[in-house]
1. Using a 10 Å cut-off around each Cβ, can you sort Ser254, Ser190 from fewest to most neighbouring Cβ atoms?
2. Please list the non-local residues whose amide H lies under 5 Å from the amide H of Arg302, H modeled 1.01 Å from N, same-chain partners needing a gap of 5 or more.
3. Quick check on region 259-337: take the gyration tensor over C-alpha atoms, sort the square-rooted eigenvalues as a ≥ b ≥ c, and tell me if it's rounded (a/c under 1.5), prolate or oblate.
4. Can you bin every Cα-Cα distance in region 169-335 into 10 Å intervals starting at zero and give me the percent of pairs per bin, rounded to whole numbers?
5. For the pair Arg266/Ser332, report the inter-label distance in nm, with labels modelled 7 Å from Cα in the Cβ direction.
6. Along the Cα→Cβ direction, 7 angstrom out, place labels at Gln311 and Cys53. What is the inter-label distance in nm?
7. Below 15 angstrom from the Cβ of Gly172, what's the summed charge of the other residues (Lys, Arg +1; Asp, Glu -1)?
8. Can you give the extra length, in nm with one decimal, that the chain gains between Ala252 and Thr196 once fully stretched, where that is 0.36 nm per residue apart less the Cα-Cα distance?
Amino acid sequence: MPDPQTPTVTKEVSLEGRTVQRPAEHETAGHSASGGPTVITAWMLSLSVHAACLTIMLLAVFPYAAADEAADLPLVNAQLIGDVHARPASPAARTSAVAESGFGALRQDGPRFTPSTAPASDALARISPSVGGPGPDLSILGIGSEGGFGGGDGGFGLTLDGGGGGGPEFFGVTATAPGVRSVVYVVDRSGSMVDTFHRVRAELKRSISALRRSQKFHVIFFNAAEPLESPPQRLVNAIDAHKQQFFGFLEAVSPGGGTKPERAMRRALALEPDILYFLSDGVFDPAVAQKLDEWNRERRTRIYTIAYLDQTGRQLLENIAREHGGEFRFVSEDDLP
């Protein structure tokens, strides 16, 4: 029943000639009921249109953005040629490779510099062009007979022959190790060497004079006392100044005492030279050979041994050379000049 306090809105309706009053709220409700589905349909249509527009925008923008990002990345093509683990080629192989590549032709139109023949004692040999006539004196640049650049202890040791060449030679024993850059001479000066030590001096001078400027050398004399080292008691470049310094020192060395090479050999191996010449004319403690295994455990240094005028210690010296990658030689009176 309608609330008496609430006014009732009526509407007159003519029905078959009669006027009938009906509540107006029924019409309003009818209109609301019919408007609900219409609003929902409109919202769904709007959402569908917006979703379609958003999808089109995403498909249109993203492909171009990815292409732009990829365009900014650099394109790098790398190719590995050769075996990176292979050992360096020998000087002869490198020379052959340069000749085959055609680079050698670049120098055919101009003078080619070759080392001139000079005495071994002349550390500053001149270099002249092979096209004839005396060439410029390049000794001011520190170029020696072997073409090495850089003097003093800090020399670069750059050589025109590729750093190879023949190894040092001492009493007919030539170091066969490739690329020898440093050598230490360990020489017996015990009392038994008194009568023949002058010949050892002469051979040391000849051997060291023949060293290239790019190579380094050091000499250690031993007997029963403390080792006697050439100044400045370390490896030095084989430049003329250092050679002359050693020759002056050598004249004051005299033999005497017993034969104990242990301390001299330990000191020599501590310098880690490429090769070591070990000369002795007698027998010494065999325990030295066992200690050499410890001091040269990684065989960083090749040891070449020389039994000088006496074969008493031959077997021990042969074993040392064999164990440390070197060679042995017995020098007799007939081998001396």
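Just so you know, all these numbers are worked out from the coordinates, no wet-lab data involved. Note that this is a predicted model, so its numbers are computed, not measured. Every residue, glycine among them, receives a Cβ derived from its backbone with ideal geometry; neighbour counts consider all protein chains shown.
1. Working: Ser254 11, Ser190 22.
Ranking Ser254, Ser190 by Cβ neighbours within 10 Å, fewest first, gives Ser254, Ser190.
2. Under 5 Å from the amide H of Arg302 lie the amide H atoms of Ile275, Leu276, each far enough along the sequence or on another chain.
3. It is prolate, given that a/c is not under 1.5 and a/b is the larger ratio.
4. Whole-percent P(r) values from 0 Å outward: 11, 44, 38, 7.
5. That separation, rounded to one decimal, is 3.7 nm.
6. 11.1
7. Values: positive: Arg199, Arg206, Arg329; negative: Glu169, Glu203, Glu327, Glu333, Asp334, Asp335.
Residues near Gly172 contribute -3 overall.
8. Full extension of this stretch gives 18.6 nm more.
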